[in-house]
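Enquirer: Below is a structure I'd like to ask you about.
The values are calculated or read from the model by the stated rules, or taken from the named source; none is laboratory data. Quick caveat: nothing in here was measured; it's all calculated off a predicted structure. Quick reminder, even Gly has a Cβ in these numbers, built from the backbone with ideal geometry, and neighbours come from all protein chains shown. Note: areas computed on protein heavy atoms with side chains; ligands, DNA, RNA excluded. Shrake-Rupley method; radii C 1.70, N 1.55, O 1.52, S 1.80 Å.
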Amino acid sequence: MIKHRTPAPTQALAYTVEDLCVRYGGVQAVRSVSLSVAPGEAVGIIGANGAGKTSTLRALMGLVPRAAGSIRLGERDLGKVAARDMVRHGIGYVPEGRHVFPGLPVEKNLLLGAYSRGWRTAGDGALGEVYEQFPVLHQMRSRPAGALSGGQQQMLAIGRALMARPTLVLLDEPSMGLSPKLVDEILDILLRLRASKLSLLLVEQNAELAFGATGRCLVMENGEVVMQGATAELRADPRVRRSYLGL
Ligand code: ATP
C-alpha cells in the first residue's frame, strides 16, 4: 500500500469543477463540464477519440486556457493558479504519452517530480516510497528513462507525480499504447493508489480500465458530459456496452 507519511494540508477536501469550457479558435472542445471528486474517490471520464477528455484535463491543469468555469479544492479557488503551481496545491498530473525526459536517468526524472516542493522532498522518504511501490524503477534508477519499456515509463510518470505527495492525481490515458497485460498492471497500480486514499481523476478511452479502477464515471461526447453514474450502473447500460465496450 502506498503510504503518505506527511499528510498534505489540503487532504480531505473535495475537488469541484463547474461549467468548464475550452475553445480552440472556433472549435468548442469542452462544453460546460461539471464534476467533483470527493476525498479518496476515484472518478473516470470515458469517451471516444476527440470527445474532449484530454482538453478537460489540460484545462484543469491550466495547460490550455479555460473559456469559462471554476475549479476549487475545498474552499480554495484554483482558477487562477498557473500550471507550474498546481502541484503545490496538491494536484498531480500524469500526462498523455507520459512525457518523461528520455535522456535523463530514471531517478532524476523522479526527483523532477519533487522539484516544485523543493529538492528536500526526496530526502523525506518520497523517493524510497516510490521505489517501494515500483521496484523496477529502483532497479533501473541509473538508466536513461528512454531505455524503459512503455509500461515502465508509465510507472515512472505515475511515480514522478507521487513524488510531490499530491492529494488528487489527474491521469490522462495511462493505458495508451500498452499491451493488455500491461494495462492490467496499470489497473493494479490505480487500485493501490485508490486504496491509499489518494483521489484520482482518470481519463481513458479504455472503458474497461476506467470501470475497473473507479467507482463513478462520466461519459463525454462532443465536448459534453452525456451520461454519468456509478461505474457498476454504467457498465450494465446497453448504450455504454454498445458504444464503449464493443458488446
Ligand atoms: P483523445 O482520446 O484523442 O485524446 P480527447 O477525448 O482527449 O481525445 P481532445 O484531445 O480533448 O479529445 O479533443 C477535443 C476536440 O478538440 C477535438 O475535436 C480536437 O480535434 C480538438 N482539439 C484538441 N486540441 C486542439 C488544439 N490544440 N487546437 C485545435 N483543436 C484542438
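Enquirer: Please compute, over every Cα-Cα pair in the chain, the percentage with a separation greater than 28 angstrom.
Expert: In whole percent, the long-distance tail amounts to 29.
Enquirer: Could you size up the charge dipole of the range 14-76 around its Cα centre, putting +1 on the beta carbon of Lys and Arg and -1 on that of Asp and Glu, and report it in debye to the nearest 20?
Expert: 220 debye
Enquirer: Can you tell me the dipole magnitude for the chain around its Cα centre, using point charges on the Cβ only (Lys, Arg +1; Asp, Glu -1), in Debye to the nearest 20?
Expert: In debye, rounded to 20, the chain gives about 500.
Enquirer: What is the percent carbon and sulfur in the accessible area of the chain, measuring with a 1.4 Å probe over the protein chains and ignoring ligands?
Expert: Carbon and sulfur together cover 52 percent of it.
Enquirer: Just how large is the dipole of the range 137-239 about the Cα centre, in debye to the nearest 20, putting +1 at every Lys and Arg Cβ and -1 at every Asp and Glu Cβ?
Expert: With Lys and Arg at +1 and Asp and Glu at -1, about 620 debye.
Enquirer: Heavy atoms only, probe 1.4 angstrom, no DNA, RNA or ligands counted: give me Lys197, Lys108, Lys80 ranked by accessible area, highest first.
Expert: Heavy-atom accessible area, descending, gives Lys80, Lys197, Lys108.
Enquirer: Let me ask something additional. Percent antiparallel among DSSP beta bridges with both residues in the chain, to the nearest 5?
Expert: Around 55 percent antiparallel, to the nearest 5.
Enquirer: Give the accessible surface of the chain per residue, rounded to a whole number of Å², with probe radius 1.4 Å and ligands, DNA and RNA excluded.
Expert: Heavy-atom SASA per residue in the chain reads 44 Å².
Enquirer: May I ask for the distance between the Cα centers of the range 43-57 and the range 206-233, given as a whole number of Å?
Expert: If we compute the Cα centre of each part, the gap is 10 Å.
Enquirer: Of Gln139, Leu187, Ala126, which is farthest towards the positive pole of the range 64-221's charge dipole, taken about the Cα centre with +1 and -1 on the beta-carbons of Lys, Arg and Asp, Glu respectively?
Expert: Of the options given, the answer is Ala126.
Enquirer: Beyond 21 Å, what share of the Cα-Cα pairs of the range 31-144 remains, rounded to the nearest whole percent?
Expert: Tail of P(r) above 21 Å: 49 percent of Cα pairs.
Enquirer: Right, something else. What shape does the range 36-89 have by the C-alpha gyration tensor, where a ≥ b ≥ c are the square roots of the eigenvalues, rounded means a/c under 1.5, and otherwise prolate means a/b greater than b/c and oblate the rest?
Expert: It comes out oblate by the Cα gyration axes.
Enquirer: Dipole of the chain (Lys/Arg Cβ +1, Asp/Glu Cβ -1, origin at the Cα centre): which of Leu148, Tyr15, Thr56 lies farthest to the positive side?
Expert: Of Leu148, Tyr15, Thr56, it is Leu148.
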